[in-house]
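This report concerns only the one structure given below.
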Amino acid sequence: MMLTDYHTHLRTDELEATAEDHFTEENASRYRAMAGERGIAELGVSEHVYRFRQALDVWRHPFWERYAHDDLDAYCQFVREQTDLRLGIETDFVAGAEDRIANLLAVRDFDYVLGSVHFLREEAVDMDDHSVWDSGRSAEEIWRRYFQALGEAARSGLFDILAHPDLVKIWGPAHPERPLPEGDLRHYYELAIDGIAESQIAIEVSTAGLRKRAREIYPARAFLKMCLEAGAPIALSSDAHRPEDVGADYEQALELLDGLGVRELCVFEGRARRLEPIGALVS
Ligand SMILES: [Zn+2]
Ligand SMILES: [Zn+2]
């Protein structure tokens, strides 16, 4: 019996949140303590790849150039030697850079790799800077391109877990400039399903969406159901950026999973995956 939280960050996304201040035994132990309180035995950390200098060998987006300051190997060494956390990383899918991403990942001993689609080409899905929503494109086009990229990310074979799978909904149903597309959203989800089915990548169920304007778990129930029908196993995470959010709102995630008949969660070690029965939350 097992609960997991594999998608956590030891710091916020602010540039000012330095590795020196946050990659410490004391900070890691705060995350461990919160996980313990909530009955989460499997805890891993997955810092953003673009915070590390080595990411610039993969991509030189201006946003990455601004944020890539830390040493990736020092991070790996810190997690291995000074914490009892699983070692993960959140890596963007950058179309056309698959070989360079593979090289960056291959020479380090991660327990698991999260794959995320935060950008469509040069434009960001989930932040104000470089926003795809400022490009004059329709919601329909943005959603279409997002789910196509998600399917490619799955099919690339680079990642163990597909993170926040419908991140594109982050702005919620009522944003004046960043609306949802009209009609049945399953038409968009469908664009990613072949890649998910073929790769058998794990699908992340993330409570982070509940803390965003979307006010909904990633992925939406209908998309999660399609992933399950495609045979995908599930990885459960909070995407916490501070200790208080480790395992946040897991009651809702477990209810969603139970309602869809999911009884097992993925557990990762050395990039090998096994399934364990879902454990109970401590409240
Ligand atoms: Zn992310
Ligand atoms: Zn994250």
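Data for the structure
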{"item": "Ratio of Rg to Rh over region 66-113 (Cα coordinates, Kirkwood Rh, two decimals)", "result": "0.99"}
{"item": "With every protein chain in place, the chain: carbon and sulfur % of accessible area (1.4 Å)", "result": "45"}
{"item": "Mean Cα-pair separation over length for region 128-283, i.e. relative contact order, pairs under 8 Å, 6 or more apart, %", "result": "20"}
{"item": "Kirkwood-based shape ratio for region 205-283, expressed as Rg/Rh from alpha carbons", "result": "0.95"}
{"item": "For region 81-208, alpha-carbon Rg relative to the globular expectation (2.2 N^0.38 Å, N residues)", "result": "1.10"}
{"item": "Difference of contour (0.36 nm per residue) and Cα-Cα distance, Asp128 to Asn27", "result": "33.5 nm"}
{"item": "Listed residues Asp13, Asp126 arranged by accessible area, highest first, probe 1.4 Å", "result": "Asp13, Asp126"}
{"item": "Kirkwood hydrodynamic radius (C-alpha pairs) into Stokes-Einstein, region 1-43, 4 °C and 1.567 mPa s, D in µm²/s", "result": "115"}
{"item": "Mean separation of Cα contacts under 8 Å, 6 or more apart, over the residue count of the chain: relative contact order %", "result": "23"}
{"item": "Candidates Ser135, Ser29, Ser238, ranked by Gaussian network fluctuation over the chain, Cα under 10 Å, top entry", "result": "Ser135"}
{"item": "Residue among Asp166, Asp245, Asp57 with the largest mean-square fluctuation in a Gaussian network model of the chain, springs linking Cα atoms under 10 Å", "result": "Asp57"}
{"item": "Equivalent ellipsoid semi-axes - Cα gyration tensor, region 138-273, angstrom", "result": "22, 19, 14"}
{"item": "Region 145-221: radius of gyration and largest Cα-Cα distance (Dmax), Å", "result": "12.5, 37"}
{"item": "Distance cut-off 25 Å, percentage of C-alpha pairs in the chain lying past it", "result": "42"}
{"item": "Ratio of Rg to Rh over region 1-104 (Cα coordinates, Kirkwood Rh, two decimals)", "result": "0.99"}
{"item": "Selected from Ser206, Ser131, Ser116 as most flexible by GNM, with the chain as the system and alpha-carbon contacts under 10 Å", "result": "Ser131"}
{"item": "Value in Å of the Kirkwood radius, where region 58-148 supplies the Cα pairs that are averaged", "result": "15.0"}
{"item": "Region 12-70: proportion of alpha-carbon pairs further apart than 15 angstrom, %", "result": "57"}
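The values are calculated or read from the model by the stated rules, or taken from the named source; none is laboratory data. Quick caveat, the model's predicted, so the values are computed rather than measured. Surface accessibility is based on the protein's heavy atoms, side chains included, excluding ligands, DNA and RNA. Shrake-Rupley method; radii C 1.70, N 1.55, O 1.52, S 1.80 Å.
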